[in-house]
């Protein structure tokens, strides 16, 4: 019996390494998750490698545990990256059609996007993604697919994501030393958005918030495309640290208390139970009331969402996100009341994002926000390897145009 074709997504998060392994189902467009694992990593800080040996060890552990759960082995990975070294902006490109027939081809589309990404960059930075947002033909905006149409001037709006070359090299070195090949580098926010933000939310306007431990990824969608993305150097580990310091306990115990008993909004306070926990020495036991824990948690939650609100207001994209609201994901979204806090501070409807069963199948535990980016990487891998999904270009691996779900482009390579 032939072995199933498998693909692996590796999320290099704020302070964790998470891996999922999946395979396409024989019938239909869904991927099936075969296995996964998520392990802490002291070699990563805010998505940036600070210790290659520690990171290598965490990558090996995460992938090997995922392989054991899946019952398969993998040699290459779709690698999700994040961190404040990633920067993004929008740009435009134009291309004149000089041929007599003036019919737009896929090569013309490639040329206009190449013009849009012809920007000056410092020697220590490189383009990670060029994402077409919309096309114009002879000044007529809103053309979803110009291929096959006629015109003299083709224009495109794009979203460009750039990264520190050194940081990308360090991530890839850690993965290579663990014995795996990086098939493609992917901005984690893009992968997560493919999985969690519905087409309606992308069209109407929405905000994706990935609450990582040491960094937060923001993405604004409107008119079907990503219009704004930003990495912010705060995260849910700040809440954990406040609890650890306030209760004089370890970070591991504080994290468990935060997820199991923490409340991010006062409306969810029901009684004032006493919670037992161990002190920092791991042996001395103590008790704390839920109200005391909440006093440590709420100020930091308010600070985090205030930073997000201020960034959104300063971006000039705040008015675009009201219809679809905020979609929350990442480990920080696991705490009770996070959606309520987001609604109050951001002034938007908010929900915790869940992967769509129509796209991905598997054990319920893989649908946790902890695995959201790794799950999105599997969707991205399906785009690259099996030819369905959203078109984008990456510069690290082969330049590849992948067809949109609506059939926007044929694969050019």
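Rule-based calculations on the coordinates, nothing more; no lab input. Just so it is clear, the model here is predicted, and its values are computed rather than measured. FYI the Cβ positions are ideal-geometry reconstructions off the backbone, even for glycines, and counts take in every protein chain you see.
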What is the pair-distance distribution P(r) of segment 112-215, computed from all Cα-Cα distances in 5 Å bins starting at 0, with each bin given as a whole percent?
2, 9, 14, 16, 18, 17, 12, 7, 4, 1, 0
The chain, Gaussian network, Cα under 10 Å: of 142, 325, 337, the residue fluctuating most is 142
Give me the percent of DSSP beta bridges within the chain that run antiparallel, rounded to the nearest 5.
75
Fewest to most neighbouring Cβ within 10 Å: what's the order for 351, 139, 42, 183?
139, 42, 351, 183
As a test of the formula, what do you get for the chain when each DSSP H run with n ≥ 4 contributes -39,500 (n - 2.57) and the sum is divided by the residue count, at 222 nm and rounded to the nearest 500 deg cm²/dmol?
-10000 deg cm²/dmol
I'd like the orientation of helix 237-247 relative to the chain: the angle between its Cα long axis and the longest Cα principal axis, in ° from 0 to 90, rounded to 10.
10
In what sequence, highest mean first, do 187-200, 86-99, 289-302 appear when ranked by Cβ atoms within 10 angstrom?
187-200, 289-302, 86-99
Per residue Cα convex hull volume for the chain, in cubic angstrom?
147
Return one number: the angle in degrees, 0 to 90 and rounded to the nearest 10, between the long axis of the Cα atoms of helix 52-70 and the longest principal axis of the Cα atoms of the chain.
90
Could you work out how far helix 106-116 tilts from the main Cα principal axis of the chain, as a 0 to 90 degree angle to the nearest 10?
60
Two pseudo-spin positions, 7 Å from Cα along C-beta at residue 344 and at residue 53, lie apart in nanometres by 4.7
Eigenvalues of the alpha-carbon gyration tensor of segment 178-312, times 5 and square-rooted, give semi-axes in Å, largest first, of 34, 20, 12
Distance from segment 175-253 to segment 45-119 (C-alpha centre basis), Å:
16
Residues 105, 84, 284 in order from fewest to most other beta-carbon atoms within 10 Å are 284, 105, 84
Scaled radius of gyration (Cα, divided by 2.2 N^0.38 Å) that segment 170-242 gives
1.35
Determine, for 267, 250, the number of other Cβ atoms within 10 Å of each Cβ, and report the residues in order from fewest to most.
267, 250
Rg to Rh for segment 87-164: what is it, with Cα atoms only and Rh by Kirkwood?
1.03
